[in-house]
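One structure below.
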Amino acid sequence: MDASVDISAHPISFTRKPDGWVTKLFDYKPFLVFLCLLPTLGLLLVFLTYPLGLGIWLAFTDSTIGQPGEFVGLDNFEYLLTDPIFQMAVWNTIFYTTVATVGKFALGLWLALLLNHHIPFKAFLRAIVLLPWIVPTVLSAIAWWWIYSAQFSIVSYVIVDVLHLRTTYINFLGEPWPARFSLIVANIWRGIPFVAITLLAGLQTISPSLYEAALLDGASGWQRFRRITVPLLMPILAVALTLSVLFTFSDFQLVYAITRGGPFNSTHLMATLAFQRAIPGSQLGEGAAIAVSMIPFLVGATLLCLYGVGRRKWQQGSDND
Amino acid sequence: MTDVLAAVTSPPTEATFARSNDAPEHLSWDSGLHRTVTVYVPLALFVIVLLFPFYWMTITAFKPDYEMYDYKQFNPFWVHSPTLHNIYVLLWETQYPRWLMTTMGIAVASTCLSVFSSVLAAYAIERLRFRGANHVGLLIYLAYMVPPSILFIPLATLIFQFGLFDNPIALVLTYPTFLVPFCTWLLIGYFKSIPYELEECALIDGASRLQILRRITLPLAVPGLISAGIFAFTLSWNEFIYALAFIQSTDKKTVPVAILTELVTGDVYQWGALMAGSLLGSVPVALIYSFFVEYYVSSMTGAVKE
């Protein structure tokens, strides 16, 4: 009742010509639904679904740039299985995703808990914390590249010349293991804000009265964290984890900008190897095969995160309505 | 209870602090020293680590060459004789301004395209309530989970067939593949928060569906539109792999690609110019971000919650 009074008092008046067929058409729901979904579904079908299928097809051909190529069955995959660089890329990708995700979520959760305290300049701090996530990855990766420079690394300078912990500068990007960990650190650095801010939003929805009740029952700080914070944070954690694993697993920018897969192809991820083989190497079929082999991992990781960690249907809101 | 909630949500003012002493988290054991060690010190470390690369980027961009490579004579954490030389080189001796304009154009165009189609799709899914709306919503969400790194190879061949290779239009058309799903989900959330009764009243008053969308729903969803718009803009400004794969000529490249492929030449890296380029390339996004921080936070958390 109130709402209708509001509307009639509102200065908007709906002028309407006597119903022509165009007006009728636009009020015909199926047509309207079709019209509204057309741009989105059109874009997604042409530039997402079709390329996805095309990519799977390309993986079974010997296409090169400029040549359509022919169906070669599983040749690309058979070759890749014996290719030590591909094996290392798969291994690197799994290692990179696992370590970086654990790091991101451990540190991000800690930061979210810190930001959930009553602290001065909270809004300002939250804004600053998000910066690494807002700035284009490639541009901050270039900053990391400079931080990891062999001769002029500021980290080496502090360790060698200020703290005197070592005598030589660290060769961050020149050797396989230091290079891998350098990339992981940069990835964690970039991922912390996303995790922290989403988990902070989750923390703020937990009612303080729960903690109050637990405190009255004599629960310790750890018990309150373990029994109240963690379970109530799980749904949002599961979604954040899924997205984070997906985007870390398919990461391209950071590795391409900092090491380009080097030294000696030891830091290639599957995405960077696919790019290297397909575009500069012009072996489209082989590149597509590498990209396609990411799909089972991605699907597996997504299912694991959603059902293993979440244990609740992902789309909580509309199912509980 | 309400006091505590207010203390959590309101910006930190003096009053909040006076009140927050009553909150359950602040019992007697939570003394000043304990709080400093467990909260302020780790927080300060986090902020320092998260900001250091930007600080390092900024001061390097303003250092003259002789200072940049000499840590013995000049404290590397400070600029002793700041210079604009690096930025001058960037702006007048490379095509940097052009790359900036290209990136801006592509980002604006793909953002408009994405927001336009997302608004319609989100309205159809959330408000027209047709059968199967939830499934369409789920499919669009799944599209968000397809990473660009498995799509760029077939997309490259597709772009080639369309004759759009080395043409910025290719990027405007392909960026919506990851922008549209995100924006649609964000807007569905916003439309949900607008009372359906308002639309019903307008329907009774004789408005057509499109009139309702234009004159009732959209004006109420402006914060959501702003969120979706700035987010899409940021994502397209940051995009890298498509721009790297589909664009070849120097004058059509976007900023992130151009810095990596055009400024990195030979074995001697021009760190000063590289840092200046990264700094200037971050400025537009950082500016927008500083104006719309709250929208970013709400859209980021909103999209995950949905």
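The values are calculated or read from the model by the stated rules, or taken from the named source; none is laboratory data. These numbers come from a predicted model, not from an experiment. Cβ coordinates were reconstructed from backbone atoms using ideal geometry, including for glycine residues, and neighbour counts include every protein chain displayed.
Below are the figures for this structure:
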{"read-out": "Some residue of region B:125-133 being assigned to a helix (DSSP H, G or I) and at the interface with chain A (Cβ under 7 Å from one of its Cβ atoms)", "value": "no"}
{"read-out": "Residue list for region B:24-51, filter: more than 8 Å from chain A (Cβ to nearest Cβ) and modelled with pLDDT of 90 or more", "value": "B:Val41, B:Ala44, B:Leu45, B:Ile48"}
{"read-out": "Unmet requirement for B:Val89, which otherwise passes all of (1) closer than 30 Å to B:Lys252 by Cα; (2) touching a Lys or Arg at 6+ places or on another chain (Cβ under 9 Å)", "value": "(2)"}
{"read-out": "Within region A:14-77, helices (runs of 4 or more DSSP H) holding 2 or more residues that are modelled with pLDDT of 80 or more and either under 34 Å from the mean Cα position of the chain (by Cα) or more than 10 Å from chain B (Cβ to nearest Cβ) (or both)", "value": "A:29-44, A:50-59"}
{"read-out": "Single match in B:Leu203, B:Leu158, B:Leu120, B:Leu179 (criterion: within 10 Å of chain A (Cβ to nearest Cβ), more than 26 Å from the chain's Cα centre (by Cα) and modelled with pLDDT of 90 or more)", "value": "B:Leu158"}
{"read-out": "Any hit, region A:158-167, residues being over 24 Å from B:Leu280 (Cα atoms), more than 10 Å from chain B (Cβ to nearest Cβ), hydroxyl-bearing (Ser, Thr, Tyr) and not in a helix (DSSP H, G or I)", "value": "yes"}
{"read-out": "Which listed residue is under 24 Å from A:Arg260 (Cα atoms), crowded, with 18+ Cβ neighbours inside 10 Å, β-branched (Val, Ile, Thr) and in contact with a Lys or Arg (Cβ under 9 Å, 6 or more places away or on another chain), from A:Thr101, A:Thr137, A:Thr93", "value": "A:Thr137"}
{"read-out": "Region A:121-133, subset touching a residue at least 24 places away in the same chain (Cβ under 8 Å) and within 7 Å of chain B (Cβ to nearest Cβ), residue surrounded by the most Cβ atoms within 10 Å (Cβ to Cβ)", "value": "A:Val129"}
{"read-out": "Total residues in region A:80-90, condition of a type in the set (Val, Ile, Thr) and surrounded by 15 or more Cβ atoms within 10 Å (Cβ to Cβ)", "value": "2"}
{"read-out": "Residue tally, condition surrounded by fewer than 16 Cβ atoms within 10 Å (Cβ to Cβ) and of a type in the set (Val, Ile, Thr), over region A:160-181", "value": "3"}
{"read-out": "Qualifying positions in region A:110-120 - without any contact (Cβ under 8 Å) to a residue 24 or more places away in the chain and buried (at least 18 other Cβ atoms within 10 Å of the Cβ)", "value": "A:Leu114, A:His118"}
{"read-out": "Options A:Phe225, A:Phe264, A:Phe252: the member that is more than 10 Å from every other protein chain (Cβ to nearest Cβ), among the aromatic types (Phe, Trp, Tyr) and under 30 Å from B:Ile259 (Cβ atoms)", "value": "A:Phe264"}
{"read-out": "Scope region B:158-184; condition part of a helix (DSSP H, G or I) and closer than 19 Å to B:Ser249 by Cβ; matching residues", "value": "B:Ile159, B:Phe160, B:Pro168, B:Ile169, B:Ala170, B:Leu171, B:Val172, B:Leu173, B:Thr174"}
{"read-out": "Residue in region B:183-199 that is more than 8 Å from chain A (Cβ to nearest Cβ), farther than 30 Å from A:Gly285 by Cα, over 28 Å from the mean Cα position of the chain (by Cα) and crowded, with 16+ Cβ neighbours inside 10 Å present", "value": "yes"}
{"read-out": "The one condition in (1) within 10 Å of chain B (Cβ to nearest Cβ); (2) at pLDDT 90 or above that A:Leu183 fails to fulfil", "value": "(1)"}
{"read-out": "Those residues of region B:139-155 which are closer than 22 Å to A:Phe297 by Cβ and in contact with a Phe, Trp or Tyr (Cβ under 9 Å, 6 or more places away or on another chain), in sequence order", "value": "B:Tyr141, B:Ala143, B:Tyr144, B:Val146, B:Pro147, B:Pro148, B:Ser149, B:Leu151, B:Phe152, B:Ile153, B:Pro154, B:Leu155"}
{"read-out": "Total residues in region B:194-245, condition of a type in the set (Gly, Ala, Ser), closer than 20 Å to A:Asp27 by Cβ and in contact with a helix residue (DSSP H, G or I) (Cβ under 8 Å, 6 or more places away or on another chain)", "value": "3"}
{"read-out": "Helices (runs of 4 or more DSSP H) within region B:201-301 that include 1 or more residues out of contact with any strand residue (DSSP E or B) (no Cβ under 8 Å at 6 or more places or on another chain) and polar (S, T, N, Q)", "value": "B:209-212, B:222-238, B:271-291"}
{"read-out": "Out of B:Arg215, B:Arg209, sole residue that is facing chain A (nearest Cβ under 9 Å) and surrounded by fewer than 19 Cβ atoms within 10 Å (Cβ to Cβ)", "value": "B:Arg215"}
